[in-house]
Amino acid sequence: MGRILLLSNGHGEDLSGSLLGSALRTFGHEVTALPLAGLGRPYSQAKIHLLGSSHEFSTGGIGYTSLQGRLTELFQGQILYLLRRLLRLLRHAHRFDLIVVVGDVIPVIAAWLTRRPVATYLVAYSSHYEGKLRLPWPCGPMLSGRHFLAIFSRDQLTADDLSEQLARPMQFLGNPFMDPVLTATQPLAHAQKPMARAQHRIGLLPGSRLPELEANLKLLLKMSTQLPDNMGISLELALVSSLNDKSLKRCANAVGWQHREGRLERQGSPEVQVHRGAFQAVLQHSDLVISMAGTAAEQAVGLAKPVLQLPGQGPQFTASFAEAQRRLLGPTVFCAPGDSGSRYNLSASAQLALQLLERIDHDRDFQHQCQNEALRRLGNSGGGLRMASAISDLCPSTAP
């Protein structure tokens with residue numbers, strides 16, 4: 001079958017690319033990946049071959065970051081790194097029958113430069129941000145070119161909008177990154193001491209990028225001290241494996257919490273159960289998610305879970321990023337007033353969390369709204385397989 005190269009430029013994009021690549025392999029294609037930013041861990045975990053070695057930066061890659069984050073990108077050499085990745089792409093592009101873009105304007109430009117056939121999954125763009133999508137130049141003219149054989153969107157509103165703007169059909173088939181959380185339920189392990197059955201589970205998502213993750217975790221723990229410990233609330237903390245116990249203990253101690261055998265404790269506050277590498281299980285078993293994350297928050301909305309944001313200091317999950325995320329994901333994503341990290345914001349966030357738990361229990365209209373927004377914003381399960389099938393039809397068979 002065909003030889004396919006996946007181009008992506010960020011953690012969330014790598015996840016979508018790896019899921020799409022795995023689906024493409026079921027159709028018999030030979031799949032290789034070139035992550036333009038970061039290590040491309042999801043590809044490695046899916047046993048998808050990487051085109052050359054990769055490097056990770058503290059901001060997680062070139063993208064939606066604060067001014068400080070953009071300056072950090074420059075000082076860490078991310079621009080030069082990207083140029084080296086582009087040169088690698090141009091040297092090897094002739095080996096592939098089809099290039100599949102997963103991301104935004106950066107991989108679109110990279111794919112256009114190769115003059116190879118391209119399929120594009122614009123996972124980073126949505127008309128939900130402004131009502132009408134303003135593609136950054138020169139993304140629009142490139143997508144209208146003859147080398148771009150198919151374009152897939154992340155929601156139906158964007159598909160309708162860009163079909164009109166580009167004067168060519170654009171498809172919404174679902175989102176591959178939703179498939180893992182919508183198809184198979186994972187158990188939420190509690191290997192710690194026995195505890196009473198929780199009336200409510202709140203998922204805590206501090207994100208996945210170090211060192212921002214540590215600052216986010218401290219804010220989440222500070223906010224958690226404002227929650228009552230006598231209401232049957234269980235706090236489920238989803239952590240990446242790269243934050244080890246030593247770092248976790250340091251973060252917890254800095255804000256008055258103690259780390260003991262897979263849980264965090266503080267007198268007068270609900271216990272925090274620690275789960276590493278279990279974002280899917282935490283999302284599926286939580287009634288409410290308190291988030292400082294990107295893709296995981298989208299998955300929560302796709303599961304019809306309300307999301308409460310806790311804006312951080314960046315470089316990624318800032319107040320501006322959180323505001324853009326609310327426009328993308330809709331009215332079931334909430335954020336309390338006040339400056340990031342202020343006592344007022346932390347207290348208001350805790351109060352809003354309790355109000356949302358009350359609505360989850362008793363407001364049927366709210367429950368229906370969460371379900372409707374899940375379908376409208378993210379779509380049904382099986383998006384990865386449907387998209388892979390459509391891409392497979394574009395890919396010519398490789399001659400023996």
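Just one residue in the set Leu329, Leu288 is more than 22 Å from Lys222 (Cα to Cα), of a type outside the set (Phe, Trp, Tyr) and in contact with a strand residue (DSSP E or B) (Cβ under 8 Å, 6 or more places away or on another chain); that residue is Leu329. May I ask you to say which residue of Ser241, Ser208 is surrounded by fewer than 16 Cβ atoms within 10 Å (Cβ to Cβ), modelled with pLDDT under 95 and within 22 Å of Gly312 (Cβ to Cβ)? Among Ser241, Ser208, only Ser241 is surrounded by fewer than 16 Cβ atoms within 10 Å (Cβ to Cβ), modelled with pLDDT under 95 and within 22 Å of Gly312 (Cβ to Cβ). Cβ-Cβ distances below 8 Å connect the following pairs, each with a first residue in region 69-98 that is at pLDDT 90 or above, a second residue that is among the hydroxyl-bearing types (Ser, Thr, Tyr), and a separation of six or more residues or different chains: Leu89/Thr114; Leu90/Thr114; Ala93/Thr114; Phe96/Thr32; Asp97/Thr398. Restricting to region 257-275, what's the tally of residues that are under 28 Å from the mean Cα position of the chain (by Cα) and under 9 Å from Leu235 (Cβ atoms)? Number of matching residues: 5. Taken together, Gly277, Gly268 contain a single residue that is within 28 Å of Glu323 (Cα to Cα) and surrounded by fewer than 17 Cβ atoms within 10 Å (Cβ to Cβ), which is Gly277. Tell me which residues, restricted to region 1-31, are buried (at least 18 other Cβ atoms within 10 Å of the Cβ), more than 12 Å from Val102 (Cβ to Cβ) and of a type outside the set (A, V, I, L, M). Within region 1-31, Gly2, Ser22, His29 meet the criteria. Against the condition touching a Gly at 6+ places or on another chain (Cβ under 8 Å) and either surrounded by 23 or more Cβ atoms within 10 Å (Cβ to Cβ) or among the charged types (D, E, K, R) (or both), how does Glu236 come out, does it pass? Answer is yes for this residue. Scan region 345-357 and tell me whether some residue there is in a loop (DSSP other than H, G, I, E, B) and not hydroxyl-bearing (Ser, Thr, Tyr). Within region 345-357, not a single residue is in a loop (DSSP other than H, G, I, E, B) and not hydroxyl-bearing (Ser, Thr, Tyr).
The set of residues from region 307-318 being hydrophobic (A, V, I, L, M, F, W, C) and at pLDDT 95 or above comprises Val307, Leu308, Leu310. Do we find that Ala111 is crowded, with 20+ Cβ neighbours inside 10 Å and of a type in the set (Gly, Ala, Ser) in this structure? So Ala111 fits the description; yes. Could you please let me know if His128 is part of a loop (DSSP other than H, G, I, E, B), at pLDDT 95 or above and out of contact with any strand residue (DSSP E or B) (no Cβ under 7 Å at 6 or more places or on another chain)? Judged against the criteria, His128 is a match.
The residues of region 337-366 that are within 23 Å of Gly302 (Cβ to Cβ) and surrounded by 15 or more Cβ atoms within 10 Å (Cβ to Cβ), listed by number, are Ser349, Leu352, Ala353, Leu356, Leu357, Arg359, Ile360, Phe366. Just one of the numbered conditions (1) without any contact (Cβ under 8 Å) to a residue 12 or more places away in the chain; (2) touching a strand residue (DSSP E or B) at 6+ places or on another chain (Cβ under 9 Å) is not true of Ala159: (1).
If you check Ala304 against the conditions, is it of a type in the set (A, V, I, L, M, F, W, C), at pLDDT 95 or above, in a loop (DSSP other than H, G, I, E, B) and out of contact with any strand residue (DSSP E or B) (no Cβ under 8 Å at 6 or more places or on another chain)? Give the derivation first.
Details: of a type in the set (A, V, I, L, M, F, W, C): yes; at pLDDT 95 or above: yes; in a loop (DSSP other than H, G, I, E, B): yes; out of contact with any strand residue (DSSP E or B) (no Cβ under 8 Å at 6 or more places or on another chain): yes.
Considered against the rule, which asks whether it is of a type in the set (A, V, I, L, M, F, W, C), at pLDDT 95 or above, in a loop (DSSP other than H, G, I, E, B) and out of contact with any strand residue (DSSP E or B) (no Cβ under 8 Å at 6 or more places or on another chain), Ala304 comes out as yes.
Looking only at residues of region 110-125 that are assigned to a strand (DSSP E or B) and not hydrophobic (A, V, I, L, M, F, W, C), we find that the one that is nearest to the chain's Cα centre (by Cα) is Tyr121.
Just one of the listed residues (Gln309, Gln284, Gln299, Gln273) is in the same structural domain as Asp361 (by TED's automatic domain parsing) and either under 18 Å from Arg359 (Cα atoms) or free of Cβ contacts under 8 Å to residues at least 12 places away in the same chain (or both), and it is Gln309.
Can you find a residue in region 312-333 that is assigned by TED's automatic domain parsing to the domain that holds Met223, among the hydrophobic types (A, V, I, L, M, F, W, C) and not in a helix (DSSP H, G or I)?
Scanning region 312-333, I find at least one residue that is assigned by TED's automatic domain parsing to the domain that holds Met223, among the hydrophobic types (A, V, I, L, M, F, W, C) and not in a helix (DSSP H, G or I), so the answer is yes.
Summed over region 11-39, the residues that are in a loop (DSSP other than H, G, I, E, B) and under 18 Å from Gly384 (Cα atoms) give a count of 3. Residues in region 195-226 that are in contact with a Cys (Cβ under 6 Å, 6 or more places away or on another chain) and of a type in the set (A, V, I, L, M, F, W, C): Leu217 only.
The values are calculated or read from the model by the stated rules, or taken from the named source; none is laboratory data. Note that this is a predicted model, so its numbers are computed, not measured. Counting neighbours? That spans all protein chains shown, and the Cβs are built from the backbone with ideal geometry, glycine included.
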